[in-house]
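FYI, it's all coordinate maths here, none of it is from the lab. Owing to the predicted nature of the structure, the values given are computational and were not obtained by experimental measurement. Here the Cβ is made from the backbone with ideal geometry for all residues, glycine too, and neighbour counts use every protein chain on show.
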Amino acid sequence: MTIQIGGVIKFDFLICVVGPTAIGKTVHSIELAQSIGTEVVSADSRQFYKELEIGTAKPNSQELSAVKHHLINSLSIHDHYDVRKFENDALRVLARIFSEMKVAIMVGGSGLFVDAVCYGLDDLPPVSTELRNQLTQELNTGGLQVLVDELLESDPEYCSQADLKNPQRVIRALEVIRSTGKPFSSFRTGKKVDRPFHVIMVGLEMDREKLYERIDLRMDQMIGNGLFEEAEKFYEQRHLNALQTVGYREIFGYLEGTYDREEAIRLLKRNSRRYAKRQMTWFKKNDQVKWFESNDHEGVLKYVLSEIQSKSLEAEK
């Protein structure tokens, strides 16, 4: 049932549902959107790509039809896409939503993408496509550790807080360092941008061991649904940035003959758990996030409605 709150709201609200992989963000975002009567914007950096289905844990067809979703299946794996482009795309979508309604939902576990929309990005210098392609080639031929070693030497300050297991982050930093001769960290001011909407952050969490069990189970389900076969289809395109991600890299190693299928499955589960841990570390640093147990659907809705009402009342004073 949709809750009638339109007359109460005095300005625009973006409700962000965040947390680690497999925690249940999709279900919460759809329930909120249905309750409030609005639409969902995806901030999952892997769900943009229309070719990738099984390994990205996209909402299923029933979930996608339950409420209108944006920025899912919006790109090809051959498109170059980064967080700056996502920021621009998401803000355009939100502007359209806010032209018709006062609340929008954004959901995803990609912390940098969420923060880009909510708080803005640092003004980084432009980088040539040739340099980006060169670094991607170095990643594919020499492996990630070679690039990480270069970054550790060039910018230890950034490395002290960066996710060095994320190839995109490592490459992005090296792009700036090689093109400017300056540390990537010198461009990171951390200055927040004022947005024309109020942000409500909802974080989902659960006992770590229980979450890890859910991650392992979901990976088993993905494998049963054809994850290995999906990755094999894209083996020749494995150098593309969109495929440099957990869920595909591990299978490419198996297909290359580096290890057997059993080891690939172990790595898929281990790396997914590690990814979830990094996601939680990112979001826990944000004191704006209000945390809820993943099964507390009523508590999440009550909190969101309370925040909307209280902020609207403040605007009247």
Charge tally for neighbours of Leu151 with beta carbon under 13 Å away, counting Lys, Arg as +1 and Asp, Glu as -1, is -4
Taking only the alpha-carbon positions of the chain as identical scatterers, the Debye log10 I(q)/I(0) at q = 0.14, 0.15 Å⁻¹ comes out as -1.17, -1.32
Helix 167-180 sits off the longest principal axis of the Cα atoms of the chain, rounded to the nearest 10 on a 0 to 90 degree scale, by 80 degrees
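If you place +1 on the Cβ of every Lys and Arg and -1 on the Cβ of every Asp and Glu, how big does the dipole about the Cα centre of segment 137-187 come out, in debye to the nearest 20? Walk me through the intermediate numbers first.
Details: 5 positive and 8 negative charges, 34 e Å.
Taking the Cα centre of segment 137-187 as origin, the dipole is about 160 debye.
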With the label point 7 Å along the Cα-to-beta-carbon line of Leu121 and a cut-off under 17 Å to each amide N, the hits in segment 43-86 are 43-49, 71, 75-76, 79-86
Inter-part gap, Cα centre of segment 262-317 to Cα centre of segment 143-180, in whole angstrom, is 27 Å
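Any chance you could list the semi-axes, whole Å, largest first, of the equivalent ellipsoid that the Cα gyration tensor gives for segment 95-211, using √(5λ)?
Taking √(5λ) for each eigenvalue gives 31, 20, 14 Å, largest first.
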On the formula 1/(1 + (r/R0)^6), with r taken between the Cβ atoms of Met101 and Asp296 and R0 of 30 Å, the FRET efficiency rounded to 0.05 is 0.75
Counting only DSSP beta bridges fully inside the chain, the antiparallel percentage to nearest 5 is 0 percent
So the angle from the long Cα axis of helix 83-98 to the longest Cα principal axis of the chain, reported in degrees to the nearest 10, equals 20 degrees
Taking 0.36 nm per residue of separation between Tyr235 and Tyr303 and subtracting their Cα-Cα distance, the length gained on full extension comes to 20.0 nm
Taking Cα atoms, the helix 297-316 axis meets the longest principal axis of the chain at an angle in degrees (rounded to 10) of 60 degrees
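I'd like the FRET efficiency for Glu153 and Leu91, computed as 1/(1 + (r/R0)^6) with the beta carbon distance as r and R0 of 35 Å, rounded to 0.05. Please list the in-between numbers first.
Numbers: r = 36 Å, r/R0 = 1.03.
Calculated value: 0.45.
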